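Report on one structure; see the data block that follows.
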Amino acid sequence: MVKIKPNLTQNTAISFLCCLDDNEEKIEKLALAASDFFDVQLQRNLTLLTIRHYNKSIIEELTEKKTILLEQKTKETVQFMY
């Protein structure tokens with residue numbers, strides 16, 4: 001059993017994305033267990049940026065010159081993975 005909490009998840013009809021803290025031992029254990037059932041791909045050295053009570057200018061300032069791989073937005077919070 002791997003006790004790990006995701007910081008961000010995203011589900012689609014054919015994929016599941018999960019952003020985790022950089023705990024190599026736990027991530028490897030989870031990836032190995034999941035690979036028995038799924039095609040697992042790991043991508044390391046990413047940053048998760050979470051902004052509460054955001055506005056357009058703060059988003060532009062904090063994401064300038066970043067390659068955004070994922071964006072999730074609610075009324076009060078926005079998250080970017082780059």
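Does Leu17 qualify as being outside the structural domain of Glu71 (by TED's automatic domain parsing), surrounded by 10 or more Cβ atoms within 10 Å (Cβ to Cβ) and assigned to a helix (DSSP H, G or I)? Walk me through it before giving the result.
Numbers: outside the structural domain of Glu71 (by TED's automatic domain parsing): yes; surrounded by 10 or more Cβ atoms within 10 Å (Cβ to Cβ): yes; assigned to a helix (DSSP H, G or I): no.
For Leu17, the condition - outside the structural domain of Glu71 (by TED's automatic domain parsing), surrounded by 10 or more Cβ atoms within 10 Å (Cβ to Cβ) and assigned to a helix (DSSP H, G or I) - is not met.
Listed here are the residues, each with its yes/no results for (1) surrounded by fewer than 11 Cβ atoms within 10 Å (Cβ to Cβ); (2) under 20 Å from Lys3 (Cβ atoms).
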{"site": "Leu32", "(1), (2)": "no, yes"}
{"site": "Asp36", "(1), (2)": "yes, yes"}
{"site": "Gln43", "(1), (2)": "yes, no"}
{"site": "Thr50", "(1), (2)": "no, no"}
Taking the condition of being among the small types (Gly, Ala, Ser), closer than 30 Å to Lys75 by Cα and over 14 Å from the mean Cα position of the chain (by Cα), how many residues in the range 1-58 meet it?
2
Within the range 15-67, track down each residue that is of a type in the set (D, E, K, R) and at positive phi.
Lys65
Would you tally the residues in the range 51-82 being closer than 19 Å to Cys19 by Cβ, assigned to a loop (DSSP other than H, G, I, E, B) and either in contact (Cβ under 8 Å) with a residue 60 or more places away in the chain or of a type in the set (Lys, Arg) (or both)?
1
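The values are calculated or read from the model by the stated rules, or taken from the named source; none is laboratory data. Everything numeric here is computed off the predicted structure, so don't read it as measured data. Please note: Cβ atoms are built from the backbone with ideal geometry, for glycine as well, and neighbour counts cover all protein chains shown.
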